[in-house]
Amino acid sequence: MTTVGILGGGQLARMLALSGAPLGLRFLVMDTAPDACAGQFVPMVVGDYRDETALAEFASRIDVATFDFENVPAESAQWLSERVPVFPNPRALGVAQDRLAEKSLFRELGIPVPDFADIATRAGLDGAVAKIGVPCILKTRRLGYDGKGQFRIKSAADVDAAWQSLGAQAQTVGLILEAFVPFERELSVVAVRGRDGEFRAWPLTENWHVDGVLSASLAPAKVDAALAQTALGYANKLADSLDYVGVFALELFCRDGQLLANELAPRVHNSGHWTIEGAETSQFENHLRAVLGLPLGDTRMIGHACMLNWVGEMPDAAPVLRESGGHWHDYGKSPRAGRKVGHATLRADSTDGLANVLQRLGKELAREAQIAPVVAQLEE
Ligand code: AMP
């Protein structure tokens, strides 16, 4: 009996455990919050990731460790990796935790990125804004997610406010300034690399964000084959360079038919949730297969899929459950503004069929605004 340990007990850990049950796996999650939603049916160790006693208990009960959360302290991942196999490896995790290290690696590998600069002081920010130009975005290097820890600088007059908002963090988590990309679309590659280096990717996904939080995903993205091939090539190169094992997402901006890399998420990813019902093998199952050194599953899609995130509170399930291609995921979390509490995946055999389902649901769920950009893309 193999027990997989997961650092972080949120919805990603929950969906990993659900997908691992048919493989005969057991799970143990570790989280700082006793009410972490994976803990509703997965045994849990509650403790701080820096607490060696809690980590030691976790390590003693598992065969292999992985993450549902990338901001686990690098030292904790390292400590754990000296006791049990940890995938992805702590170096890959470390690079993905730091926007500066991540963007520097992209550039080194020939993966295009928006112009960026490391910011340590107010004078440094002034210089970088002058060089990169406006609009631009000041971001924390570490611990930012879902658009948190970011300040948009629209004109030179905003620099004071940006520094006031984030300047104190220059000496703690660090800051990076990035050129603002007036992208036409946001895309992600969700891919998996096995212990033996085998690489597979699901079809490219198009994503829409609201207030920095993913709102909807459409797969396959409507892009030409050459662009999709380029994106997959970047992901493959990145995974090889980090000796990455497991599932990851590479988030990309597309502008004038060119791709620019935004970030690497070193874990199963929200833009890959559609793979549960929309692909031969889900991102969750393939992550487990990779981590355990099992053969990777086929990443082929079945038709067309749209994932809608439920943020803040769950809508009524019935309209989605009535659809033949409708699938409902309630993470069992209490409602809170800005919190991801669940998602639905709608699957159809054609783009027209998917557009029809989405239009119907948009009305029934009063979610027209969330659904509109996806339908517009499908109808283009
Ligand atoms: P991030 O946390 O870096 O993934 O940012 C969250 C969202 O903010 C992205 O998905 C984009 O919608 C937007 N964003 C972040 N960085 C940029 C940028 N350099 N240019 C334009 N939009 C951005």
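Could you go through the range 276-284 and let me know if any residue there is open to solvent by less than 40 Å² (accessible area, probe 1.4 Å), within 27 Å of GLU184 (Cα to Cα) and aliphatic (A, V, I, L, M). Yes, the range 276-284 contains at least one residue that is open to solvent by less than 40 Å² (accessible area, probe 1.4 Å), within 27 Å of GLU184 (Cα to Cα) and aliphatic (A, V, I, L, M).
Filter the range 206-245 down to the residues that are among the charged types (D, E, K, R) and within 16 Å of the ligand (Cβ to nearest atom), then identify the one that is nearest to the chain's Cα centre (by Cα). Selected residue: GLU206. All of (1) among the hydrophobic types (A, V, I, L, M, F, W, C); (2) within 30 Å of PHE69 (Cα to Cα); (3) within 16 Å of the ligand (Cβ to nearest atom) hold for VAL129 with one exception: (2).
Inclusion of ALA226 among residues that are outside any loop (DSSP other than H, G, I, E, B) and crowded, with 24+ Cβ neighbours inside 10 Å is not warranted. Scanning the range 167-192 for residues that are more than 18 Å from LEU252 (Cβ to Cβ) and more than 16 Å from the ligand (Cβ to nearest atom) returns GLY167, ALA168, ALA170, GLN171, THR172. Filter the range 267-292 down to the residues that are outside any helix (DSSP H, G or I) and touching a residue at least 60 places away in the same chain (Cβ under 8 Å) and list them by number. If the condition is that a residue be outside any helix (DSSP H, G or I) and touching a residue at least 60 places away in the same chain (Cβ under 8 Å), then ARG267, VAL268, HIS269, HIS273, TRP274, ALA279, SER282, LEU292 are the ones that fit. Note on the range 18-48: residues that are under 21 Å from the mean Cα position of the chain (by Cα) and open to solvent by less than 10 Å² (accessible area, probe 1.4 Å) total 5. Checking ALA162, ALA120 one by one, the residue that is loosely packed, with under 13 Cβ neighbours inside 10 Å and under 20 Å from LYS103 (Cβ atoms) is ALA120 and no other.
Listed by first and then second residue, the pairs with beta-carbon distance under 7 Å, at least 6 apart or on different chains, first residue in the range 365-380 and over 17 Å from HIS343 (Cα atoms), second of a type in the set (Val, Ile, Thr), are LEU378/THR351. Only residues that are out of contact with any strand residue (DSSP E or B) (no Cβ under 8 Å at 6 or more places or on another chain) and either part of a loop (DSSP other than H, G, I, E, B) or not small (Gly, Ala, Ser) (or both) were counted in the range 229-258, giving 8.
Only a single criterion out of (1) touching a Lys or Arg at 6+ places or on another chain (Cβ under 8 Å); (2) under 29 Å from ALA231 (Cα atoms) is not satisfied by GLY133, namely (1). The set of residues from the range 335-375 being open to solvent by 60 Å² or more (accessible area, probe 1.4 Å) and either closer than 25 Å to LEU12 by Cβ or in a loop (DSSP other than H, G, I, E, B) (or both) comprises PRO335, ARG336, ALA337, ASP349, ALA366. Within the range 322-334, the residues that satisfy the criterion of being surrounded by fewer than 12 Cβ atoms within 10 Å (Cβ to Cβ) and either within 21 Å of the chain's Cα centre (by Cα) or under 17 Å from ASN356 (Cβ atoms) (or both) are ARG322, SER324.
The strands (runs of 3 or more DSSP E) falling completely within the range 1-106 that include 3 or more residues that are touching a helix residue (DSSP H, G or I) at 6+ places or on another chain (Cβ under 6 Å) and more than 17 Å from VAL247 (Cα to Cα) map to 26-31.
The values are calculated or read from the model by the stated rules, or taken from the named source; none is laboratory data. Note that the coordinates shown come from a computational prediction; the quantities given were computed from them, not determined experimentally. So basically every Cβ, Gly included, is an ideal-geometry build from the backbone, and we count neighbours across all protein chains shown. SASA here: full protein model, heavy atoms, side chains in, ligands and nucleic acids out. Shrake-Rupley method; radii C 1.70, N 1.55, O 1.52, S 1.80 Å.
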